[in-house]
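Just below is one structure, and these are the notes that go with it.
Here, each number is a calculation from the coordinates, and none is a lab measurement. Remember, predicted model here, so these are calculated numbers, not experimental data. Glycine gets a Cβ as well: all are built from the backbone with ideal geometry, and neighbour counts include every protein chain shown.
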Amino acid sequence: MSARCGVLVHCVAGVSRSVTVTLAYLMQRHRLSLRDAFELVRARKTDIAPNFHFMRQLHAFEQDLGLRERSASLSKVLEELGVRESEVAAAAAGRRARAAARRRRTASPRTRASSSTAGAPRATRRNDSSSRRPRPRPRPPPRPPEPRRRQLAPHPSH
């Protein structure tokens, strides 16, 4: 295969299985660590999320290959693939900034309120059982119908 020939790797959503195969290829062929291969793929395609079991297998594969945490050959691979190191670094920095913004947005109201009203007494919630409705009991599963007994016709000799 020539150096500038592309390959399409796909699955239904393009988020887990195809990414796992691509990561395994980069790890074996280019001797990239899992982290470096992941960053390289994520620099090109931001919506990747191999499932937990695939990541566990990739981690075991990394150990089987004897790869270190950081690959010495990352810059060489980036050069071969035509990716600038600044693209990978910018993608990682952008992800970190988005994650921090997401954490700030999803901070619980209590956390935000407690930081702005330090020292103010908090309202307590009534915790007695009279304020709660009892849970309905689950219904038992329906019984299977009784098997029908066949009526036997009288024997002609009787």
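Applying 0.36 nm per residue to the separation of Arg139 and Ala49 and subtracting their alpha-carbon distance, the gain on full extension is 28.4 nm.
Take each of the peptides 139-147, 50-58, average the number of other beta-carbon atoms within 10 Å over its residues, and list them starting from the highest.
Per-residue mean Cβ counts within 10 Å order the peptides as 50-58, 139-147.
Each residue of the stretch 142-154 was assigned a 3J(HN,Hα) from its phi angle through the Karplus curve 6.51 cos²θ - 1.76 cosθ + 1.60 (θ = phi - 60°); the sequence is x, 6, x, x, 5, x, 6, 8, 6, 7, 8, 6, x Hz, with glycine and proline shown as x.
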